[in-house]
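What follows is a set of notes on a single structure, which appears directly below.
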Amino acid sequence: MKSTYSKSLSLSNIPLKNIKAHPGRSILVIFLITFQALSLLFSFSLLKDMQKELSLSQSRFGADIIVYPYAAMTKLHDEKLIMQGNPICSYHPRSLLTRIDENENISKTSFQLYIRDESGKEPIWIVGIEEDKDFVITPWLKNGEKIPLKENEIFAGYKVLAPENKVKLFKKDFPVKARLEKTGSELDSMVFVSIDTLNNLIKLSVELGIDDYKKLNPYKSFSSFLIKTSGKNYVKSVNDWINIHVRKVIAVRSEEALTASTKGIQSGEILTLSISIMLWLVLIAALFIAKSMNIKERKKEFFVWFTVGASSKIICRQIMKESLLEVLPGNLSALVIFTVKSLAFSNMTDFTPLFYILMIIFTLLITLLTGLASSCLSMKITIAKIKGQLLISI
């Protein structure tokens, strides 16, 4: 009987018994903690989605620099230049560009070659791309997905008509492997093919009696050459270097457009981060208010503790244990809800295992620290008032 009686009075059992004795109050606190943890988890998910979207937007800017043969530039208008390449029937040997490889501040390069099909009802530009090196067209596929472009398959622009998911080029149907999202430029009315497919199309044009591309070798020729530099700081210097050291070509850049877009993206990042921080602060404040109200309602309970000789340290320790017992189920509930939701909407594939683990750990730490801090601060305020009342009563 003695051991049973001692066990019932053990301080280690009091927090759990207190939670069981006030189920309504405990459920409310656990619900708030669950909501806070869920908000943090979804905030992390939102930030990662935003990061992905911003990264995709940056990749859709196109090339930092485009190199055209000098003869081609005389036919283009500066105000209509787009950094994904402007179609023009101008062909020159790739050997003109061999010296460009000497520049160490260039990270990516890709050739484009343009031909025009006028054999159908509506003329259409066909763009030959190096599918394994392209970095300006494929980002415009849905979600920027990397889709392999096999021989005799095409990527179609947003406005290109494709009955039965096929486009007729030089009187032959070619299946559409994927569509570009709307760009708002002339890319929407073009089709994009591999260099092998472009070679087949040139042969088809010759069979139809079109001699415009009869002598064109798509493996050794280019219409435009797209460049991605190692960083935005190198764009001007690389552009100037090409115009000075590489003959018979002109390098162009679109610094103003890129700068404006970059500023817009940076503003979006700052806005998203600010909203997330404000949300966390509101949730912390809400939890503190809930804890304060909870502890204020327990003044009589704490008064009894002091009456029987308990110290402030003992009382605070019990409240901390109680908070811990509320934080753990709240976080577990939030984690289950978040995981089920992510699996249902196939969002889990966006998280690496490391990111997912770090996200859970960080959420647990934040909710634990805010819960304990709220309880501790509220306790100090309440205990100070109780002690004051005890002194007055004495």
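The values are calculated or read from the model by the stated rules, or taken from the named source; none is laboratory data. Small disclaimer: the values here were computed from a predicted structure and weren't measured. All Cβ positions, glycine included, derive from the backbone under ideal geometry; neighbour counts span all protein chains shown. Just the protein is used for accessible areas: all its heavy atoms, side chains included, with ligands, DNA and RNA removed. Shrake-Rupley method; radii C 1.70, N 1.55, O 1.52, S 1.80 Å.
Out of the total accessible area of segment 109-212 (probe 1.4 Å, heavy atoms of protein only), what percent is carbon and sulfur?
Numbers: 2400 of 5150 Å².
After summing per-atom areas, the C and S share lands at 47 percent.
Once the Cα-Cα distance is subtracted from the 0.36 nm per residue extended length, the Asp173 to Cys89 segment shows a gain of 27.9 nm. Using a cut-off of 26 Å between Cα atoms, the listed pairs Lys133/Lys248; Lys80/Lys248; Lys52/Lys341; Lys172/Lys248; Lys75/Lys236; Lys52/Lys232 include Lys172/Lys248 as exceeding that distance. The charge dipole of segment 146-214, taken about its Cα centre with unit charges on the Cβ of Lys, Arg, Asp and Glu (plus for the first two, minus for the last two), comes to roughly 180 debye. Cross-link partners of Lys380 among lysines, defined as those whose alpha carbon lies under 27 angstrom from its own and excluding same-chain residues fewer than eight positions apart: Lys17, Lys20, Lys291, Lys296, Lys299, Lys300, Lys313, Lys321.
Note on Glu297 and Lys80: their simple-model spin labels are 7.2 nm apart, each label 7 Å out from Cα toward Cβ. Report note on the peptides 175-181, 205-211, 326-332: ranked by the mean count of other C-beta atoms within 10 Å, highest first, their order is 326-332, 175-181, 205-211. Remark: segment 50-169 projects, on average over all directions, an area of 9.7 nm² (convex hull of Cα atoms).
What number does segment 103-163 give for Rg over Rh if you use C-alpha atoms and the Kirkwood radius?
Working: Rg = 13.9 Å, Rh = 13.6 Å.
We get a ratio of 1.02 for segment 103-163.
Could you grab the relative contact order for segment 116-227? Cα pairs under 8 Å, six or more apart, rounded to a whole percent. Don't skip to the end; give the middle numbers.
Numbers: 173 pairs, mean separation 32.7, N = 112.
Relative contact order, segment 116-227: 29 percent.
If the viscosity is 1.306 mPa s and the temperature 10 °C, what Stokes-Einstein diffusion coefficient in µm²/s follows for segment 100-201 when Rh is the Kirkwood radius over Cα pairs?
So the translational diffusion coefficient is about 113 µm²/s.
If R0 equals 30 Å, the separation of the Cβ atoms of Lys380 and Ile275 corresponds to a calculated FRET efficiency of about 0.40.
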